[in-house]
1. Can you say whether Ile106 is out of contact with any helix residue (DSSP H, G or I) (no Cβ under 9 Å at 6 or more places or on another chain) and farther than 17 Å from Thr252 by Cα, as far as the supplied structure shows?
2. Among Arg207, Arg170, which is surrounded by fewer than 18 Cβ atoms within 10 Å (Cβ to Cβ) and more than 30 Å from Asn257 (Cβ to Cβ)?
3. Pairs under 8 Å by beta carbon, first residue farther than 11 Å from Val164 by Cα in segment 92-114, partner of a type in the set (Lys, Arg) and surrounded by fewer than 19 Cβ atoms within 10 Å (Cβ to Cβ), six or more apart or different chains?
4. Regarding segment 134-146, can at least one residue be identified that is closer than 22 Å to Val214 by Cα and at pLDDT below 95?
5. Within segment 70-79, is even one residue in contact with a Gly (Cβ under 7 Å, 6 or more places away or on another chain), hydroxyl-bearing (Ser, Thr, Tyr), in contact (Cβ under 8 Å) with a residue 60 or more places away in the chain and part of a strand (DSSP E or B)?
6. When you check Ser208 against the structure, is it closer than 20 Å to Ala98 by Cα and either of a type in the set (Lys, Arg) or in contact (Cβ under 8 Å) with a residue 24 or more places away in the chain (or both), yes or no?
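The values are calculated or read from the model by the stated rules, or taken from the named source; none is laboratory data. Fair warning: this is a prediction, and the values are worked out from it, not measured in the lab. Ideal geometry is used to build each Cβ from the backbone, glycine not excepted, and the neighbour counts take in all protein chains shown.
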Amino acid sequence: MSSLVSSPTAPVSIASERVRRLQRRRSLFSGFFAVLCVLAFAIVVVPLADILWMTLVKGGSAVSPVLFTQVTNGISGGLLNAIEGTLVLSGGAILLGAPLGVLAGIYLSEYGNGRWGNTVRFLADVLAGVPSIVLGYFVYVTLVIGMGWQFSALAGAITLAIMVMPYIARFTELAMRQNPTSLRESAYALGCKEHQVVLRVLLPAARSGVITGVLFALAFSVGETAPLIYTAGWSNYLWNGHLTQEPIGYLTYVIWNFINEPFASAHALAYAAAFLVVAMVLVINLVARAFLTSKRTV
């Protein structure tokens, strides 16, 4: 009789034991992958924190009013010419690349569902993956040497514009695709023509995403060095307004070249330039994040 009573509990105890084993196994796997995630996070964050700390300490200590009031004199002086050149090159890249990138993004969003749109999207992705030094060499062969522009602000700005256009196009496409279908239908119901729907309704609605893409592209262009070595050259003087036939200075050249010099003054300028570049990129990214936040809250 006791065996008849205890027999139904045996399968229950076996099942509960299996559940406990499964829970222990899941706990072990969860702990293992949690440790891997922490290690991966540390591998990414620790070097970044070390770079930022070194730039803040060594670059911040080298920042002085002289940097903003004097031009570079050999391996000493200030960075006024490099700061101005960076603003000219990055600003020129955005002026040239942003309109084309936004128009390409609008096309991909509104009319890019066919084979041609997929081809343009694929080519944009390929262009975004091309090493920047390859683009610099291409512009060097075609414009600097081929058209006789020599090292110049325009050649450097065109190179950076080619680099940032794919990013602006994809940001614009994603921002435009997030517009609800009802917005298009409402505009058409009010009698708007197709170009009016795109330019006066959809594009303003996606304004935050488009501006965010432009700002990220601007931050990307500020930190470039390799393509500018082939196209912009270097100059110790302030930009004289000539688009061609005149080289121009920029901050990343100071970082790349002056850090290899065996002089304390050159190292101080290199660290100060690194500090300024990081500060510019940080400010631009904060502004871009602010636009993204404002878009989500609207």
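1. no
2. Step by step, each of Arg207, Arg170 is checked, and only Arg207 is surrounded by fewer than 18 Cβ atoms within 10 Å (Cβ to Cβ) and more than 30 Å from Asn257 (Cβ to Cβ).
3. Leu108/Arg121; Ser109/Arg177; Gly112/Arg121
4. Yes; the residues of segment 134-146 include at least one that is closer than 22 Å to Val214 by Cα and at pLDDT below 95.
5. Taking segment 70-79 and keeping what is in contact with a Gly (Cβ under 7 Å, 6 or more places away or on another chain), we get 70-72.
Then keep just the ones that are hydroxyl-bearing (Ser, Thr, Tyr); that gives 72.
Pick out the ones that are also in contact (Cβ under 8 Å) with a residue 60 or more places away in the chain and you get 72.
When the remaining residues are screened for being part of a strand (DSSP E or B), the result is 72.
Within segment 70-79, one or more residues are in contact with a Gly (Cβ under 7 Å, 6 or more places away or on another chain), hydroxyl-bearing (Ser, Thr, Tyr), in contact (Cβ under 8 Å) with a residue 60 or more places away in the chain and part of a strand (DSSP E or B).
6. It is true that Ser208 is closer than 20 Å to Ala98 by Cα and either of a type in the set (Lys, Arg) or in contact (Cβ under 8 Å) with a residue 24 or more places away in the chain (or both).
Residue-by-condition table, conditions (1) within 21 Å of the chain's Cα centre (by Cα); (2) part of a helix (DSSP H, G or I):
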position	(1), (2)
Gly209	yes, yes
Ser235	no, no
Trp239	no, no
Asn257	no, yes
Ala273	yes, yes
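Quick grid of which residues meet (1) among the hydroxyl-bearing types (Ser, Thr, Tyr); (2) farther than 23 Å from Leu218 by Cβ:
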residue: Arg115; (1), (2): no, yes
residue: Thr119; (1), (2): yes, yes
residue: Gly146; (1), (2): no, yes
residue: Pro166; (1), (2): no, no
residue: Asn179; (1), (2): no, yes
